[in-house]
Structure formats: structure tokens, C-alpha cells
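The values are calculated or read from the model by the stated rules, or taken from the named source; none is laboratory data. Keep in mind that this is a model prediction, so the values were computed, not measured. So basically every Cβ, Gly included, is an ideal-geometry build from the backbone, and we count neighbours across all protein chains shown.
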């Protein structure tokens with residue numbers, strides 16, 4: 001009886017070990033499949049190169065004026081290179097569209113590049129000015145770090161990213177001398193799904209500049225492939241209905257506030273790409289026919 005019992009125990013252990021090995025093999029196979037799916041038929045670098053793309057795209061943008069902030073859609077159309085399954089890497093570029101005129105040329109053009117795990121470089125331009133954002137992550141997995149900001153080549157300030165900012169966080173805004181001038185609250189979208197039915201909550205984070213609530217900025221952005229990207233990708237479904245990038249804006253806005261709101265838009269586009277790029281629900285299209293979308297103020 002003891003021998004039978006030991007044999008049974010050994011058989012159980014063998015089954016457990018075999019199951020764990022199969023799980024590891026399946027995980028490795030999934031990671032390899034995801035990498036192949038995201039890199040096949042995709043160039044390692046987008047062409048034309050960033051400076052040429054921004055120069056050409058900027059020349060085609062709608063003429064900028066202060067009221068354009070209220071017409072920004074939380075939606076950009078463009079192309080991108082591959083993203084690894086675990087960490088978003090590569091290049092992303094596009095044009096932020098008009099809410100009232102979605103077929104128009106757009107208000108903003110940007111290029112974002114992440115070639116190392118700890119650094120991200122982004123340039124966002126309107127027809128009137130260009131913002132350059134250089135992000136350094138001090139803690140990779142918690143995403144803590146800081147964003148150094150320049151406006152038309154001159155030092156403007158920093159945005160301090162707290163730990164866990166991909167999900168939610170209180171982002172401190174500082175001027176070029178390091179003094180705190182405001183904050184931005186970020187909260188990633190929340191998706192609850194059951195089969196082919198789901199509910200997505202998209203959050204708007206308040207932006208305060210020099211003691212005044214200046215606006216609320218969308219923390220989730222719709223990413224729509226352009227013709228070049230569609231030639232390399234597949235699997236897109238029903239489009240999202242466009243929604244504003246900024247809401248509840250104070251009036252009138254100072255020039256200082258306008259620039260900080262553009263900074264907030266750039267930071268949110270960056271966080272959305274880095275957090276959600278390898279999740280197909282974020283590609284501006286959804287495979288869920290029963291998806292309901294609601295909007296709320298960030299709960300941070």
C-alpha cells in the first residue's frame with residue numbers, strides 16, 4: 001500500500017511539473033507570436049525621418065488660434081513601428097484632428113520615439129509653436145521620472161511623473177527655475193467586459209496652472225491608422241465616436257495657460273501610447289460590438 005501511495009504521489013508531482021512546463025512553453029510561444037505579429041512587414045524606421053515629417057506636416061496644419069484648444073479631438077491619425085509585448089518601443093507619429101472638422105488637416109503634429117527603455121523623445125507642433133519633451137524614467141516598472149520641456153527651443157519647465165503614473169498619478173508641473181506652477185492628474189481608462197459586451201470609462205484629468213483650474217484633459221486617446229499604416233496592419237473594427245481633448249476650459253486663458261495645456265495634451269498622448277499601445281482596444285477601434293463608453297473626472 002505504501003508503494004502504491006508513493007507511486008501515486010510521484011505521478012501527481014510529474015503531472016504538476018509537466019503542467020508548469022507546458023504553461024511556460026505556452027507563455028514563451030505567445031510572446032514570440034506577439035513579437036512576430038507586431039514586427040512583420042513593419043519597417044524598423046519610419047520614413048521620412050522625424051525632422052522632415054514634422055516640417056511637412058506642420059506646413060499642412062490648420063492655422064493655429066487660441067480657440068483651437070477647444071476644437072482638439074482626443075484622436076490622432078498616423079503610423080507607428082512595432083511595439084514589444086512587454087514594453088512599448090519604436091516610433092509613433094501623427095496628426096491630432098479637429099473635433100468639428102474630422103476630415104480637415106488637423107491642429108497638431110507630433111513624433112514620439114522610444115529607442116531605450118528609460119528615455120522617450122517627443123516633439124509636438126502647431127502652426128504657431130513647437131514643444132519638445134524629453135522623458136527620463138528613474139524607475140522603469142513604476143514609470144516614475146520627469147519630463148523636460150522646451151518651447152521653440154527655450155527651456156520652459158518640467159513635469160514630474162510619480163510612481164504608478166501609467167495607471168493614475170498626480171503630475172507636478174514646474175517652471176524653468178524649478179518652482180511648482182501647477183499640476184495635472186492622470187487616470188488610465190477602465191474597461192470591464194463580459195464576453196462581447198463591455199463598459200469603458202474614459203477619464204478627464206484636471207489641469208491647474210498658477211492656482212486656477214484651467215481645464216480637464218482626456219487621459220485616453222483614439223489612435224487611428226493612416227493609409228500607410230493600414231497597408232501594414234489588419235484587424236481593425238468599429239471606430240470610436242470622437243470626443244474632445246480638453247473640456248471645462250477657463251475663459252479667458254492666458255498664453256502661459258495655453259502652453260501648459262499643450263504640455264498636458266502632449267504628456268497624455270505619450271502616457272497613452274506607452275501604457276496602451278500593445279492593447280488592440282486602444283488602436284482607435286474595438287472588437288467589442290457591445291462596448292459602452294462613459295466619461296468621468298479623474299479620481300486621483
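Out of the residues in segment 97-120 that are touching a residue at least 60 places away in the same chain (Cβ under 8 Å) and under 12 Å from residue 57 (Cβ atoms), which is surrounded by the fewest Cβ atoms within 10 Å (Cβ to Cβ)? Per the criteria, the residue is 111. Applying a threshold of 7 Å to beta carbon distances and a minimum spacing of six or more residues, or different chains, the list of pairs starting in segment 253-268 at a residue that is within 18 Å of residue 120 (Cα to Cα) and ending at one that is assigned to a loop (DSSP other than H, G, I, E, B) reads 265/245; 268/219; 268/221.
Just checking, which of 198, 182, 157, 178 is over 17 Å from the mean Cα position of the chain (by Cα), assigned to a loop (DSSP other than H, G, I, E, B) and either within 30 Å of residue 252 (Cα to Cα) or in contact (Cβ under 8 Å) with a residue 24 or more places away in the chain (or both)? First the steps, then the outcome.
Working: 198 fails: assigned to a loop (DSSP other than H, G, I, E, B); 182 fails: assigned to a loop (DSSP other than H, G, I, E, B); 157 fails: assigned to a loop (DSSP other than H, G, I, E, B).
Only one candidate passes the filter, namely 178.
Looking at residue 146, is it crowded, with 16+ Cβ neighbours inside 10 Å, part of a strand (DSSP E or B), touching a strand residue (DSSP E or B) at 6+ places or on another chain (Cβ under 9 Å) and at negative phi? Quick ask: steps written out before the conclusion?
Details: crowded, with 16+ Cβ neighbours inside 10 Å: yes; part of a strand (DSSP E or B): yes; touching a strand residue (DSSP E or B) at 6+ places or on another chain (Cβ under 9 Å): yes; at negative phi: yes.
Yes, satisfied.
Cβ separations smaller than 6 Å between residues 6+ apart or across chains give the following pairs from segment 67-82 residues that are more than 15 Å from residue 265 (Cα to Cα) to residues that are modelled with pLDDT under 90 and in a helix (DSSP H, G or I): 79/228; 79/229; 82/38; 82/39.
Out of the residues in segment 238-255 meeting the condition of being touching a strand residue (DSSP E or B) at 6+ places or on another chain (Cβ under 6 Å) and in a loop (DSSP other than H, G, I, E, B), tell me which one is modelled with the lowest pLDDT. Once the filter is applied, the top-ranked residue is 240.
Per-residue answers, yes or no, for (1) surrounded by fewer than 20 Cβ atoms within 10 Å (Cβ to Cβ); (2) at pLDDT below 95; (3) touching a strand residue (DSSP E or B) at 6+ places or on another chain (Cβ under 8 Å); (4) within 18 Å of residue 261 (Cα to Cα):
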| site | (1), (2), (3), (4) |
| --- | --- |
| 133 | no, no, yes, yes |
| 141 | yes, yes, no, no |
| 163 | yes, yes, yes, no |
| 169 | no, yes, yes, yes |
| 179 | yes, no, no, yes |
| 182 | no, no, yes, yes |
| 187 | no, yes, yes, yes |
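Selection within segment 201-237: residues that are modelled with pLDDT under 80 and surrounded by 19 or more Cβ atoms within 10 Å (Cβ to Cβ). The member of this set that is nearest to residue 260 (Cα to Cα) is 225.
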